Structure formats: structure tokens, C-alpha cells
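Here the structure comes first, spelled out in C-alpha cells, and everything after it is commentary.
No lab work stands behind these numbers, since they all come straight from the coordinates. Bear in mind that the values here come from a model prediction, so they are computed numbers and not experimental data. In this analysis, Cβ positions are derived from the backbone assuming ideal geometry, glycine residues included, and neighbour counts consider all displayed protein chains.
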């Protein structure tokens with residue numbers, strides 16, 4: 001089993017990359033995310049997922065372990081093949097896919113070409129408990145940054161309305177914790193009711 005291929009990048013397109021290693025050129029299908037990370041390099045190391053069938057032997061390459069892990073998780077969902085998984089990872093970075101699954105964000109998943117409502121629902125249901133195994137760092141960071149910005153703006157709005165900062169902060173933190181994807185307007189309205 002091939003874990004990774006490292007060598008001279010002889011061809012690099014948004015759909016595939018060819019890496020020459022010891023005189024052999026390996027063609028690996030890649031996502032746009034991986035392409036953007038290796039596009040300016042002369043040498044590259046791609047983590048590999050092998051897809052072996054009766055009629056085909058395909059390699060899929062990834063710039064990061066997290067992206068490969070997410071690809072493999074996506075393949076475990078019935079109805080999602082390698083092409084669809086690659087499209088998902090081309091449409092959104094791994095951290096964003098993880099975040100959408102954790103927050104039951106069907107619209108983000110459904111907005112991807114080739115993913116309908118039922119597939120999006122199945123993907124979220126089947127992977128909701130499994131995505132925590134993928135250490136993206138980015139998902140938590142993205143989630144944390146969004147929450148912090150939302151909290152700050154909601155607090156600022158409440159202060160302008162005349163509410164004391166310390167009381168508003170406690171209420172806003174509880175609202176954001178209970179409703180992580182609530183918009184600023186909703187947080188402010190709910191905080192006014194609770195104060």
C-alpha cells in the first residue's frame with residue numbers, strides 16, 4: 001500500500017498532479033485545495049489514497065493528512081464515491097466541511113455540485129460523530145474565531161443600548177454556547193429578553 005509519494009512535480013493541474021519518483025511518474029487525482037497548496041512547488045509530497053477496482057487503479061493525492069482523512073470518511077458514506085468526495089474537498093477546505101457537518105449545516109453541503117438534499121442529510125447523520133477524529137485545528141479555530149467575533153459585536157450592540165457590560169457578557173456567552181450558529185441580531189434580541 002502506498003502511503004505517500006515524494007518527488008519532482010512534473011505536471012500540476014487543478015484536477016491531477018504527476019510526481020516523478022525514481023524515474024516513475026505517478027498520476028494522482030487532487031482537489032483544488034491540494035492544488036492551491038502545491039501549485040508553485042517544483043518538488044512535492046502527496047499523501048496517497050489508493051482506489052483499486054477490477055477495471056481501474058487510481059491514486060488520490062492530498063497535501064495534508066487531515067484532507068486525506070476527511071476524504072476517507074466521505075467515502076464511507078453510501079452514495080458518495082471518490083469523484084464526489086474530491087468535489088466536496090475542492091468546494092470547501094477540510095475544516096469548513098467538518099464545521100458544516102458538526103453544525104448540521106445542510107445548506108453548505110447541499111450547495112456543492114452533485115449533492116442533493118438526501119445525500120447531504122445522510123452525510124451529516126453518518127459523519128456527525130466521526131468527524132471529531134479528524135484533527136484539523138482549523139475547524140475549531142474557525143469556529144472559535146467566528147464565535148468570538150459574533151460575541152464581540154453582540155456585546156457592543158448591547159452596550160450601545162445601555163446594558164451593563166458584565167451582565168451582557170454572561171448572557172451573550174450562554175446564548176452563543178447554546179446556539180453556536182445564531183446570528184448577531186438573534187443573539188441581541190434574545191439577550192434583551194433574558195436581561
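Neighbour counts of other C-beta atoms within 10 Å: give me 49, 92 arranged from fewest to most. Each step should come with its number before you reach the end.
Values: 49 23, 92 20.
Least crowded to most crowded, the residues run 92, 49.
Please compute the contact order of the stretch 4-62 in relative form: average sequence separation of alpha-carbon pairs under 8 Å and at least six residues apart, divided by the residue count, as a percent. Could you put the intermediate results ahead of the total?
Values: 115 pairs, mean separation 19.8, N = 59.
Dividing the mean separation by the residue count of the stretch 4-62 yields 34 percent.
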### Message
Taking semi-axes √(5λ) of the Cα gyration tensor in Å straight from the coordinates, which label in [x] 23, 21, 14; [y] 34, 20, 14; [z] 42, 19, 12 is the correct one?
### Response
[z]
### Query
So what is the relative contact order for the stretch 49-195, in percent, with contacts set as C-alpha pairs under 8 Å and at least six apart?
17 percent
### Task
Take the alpha-carbon centre of the stretch 4-27, take the same for the stretch 51-113, and report the distance between them in whole Å.
21 Å
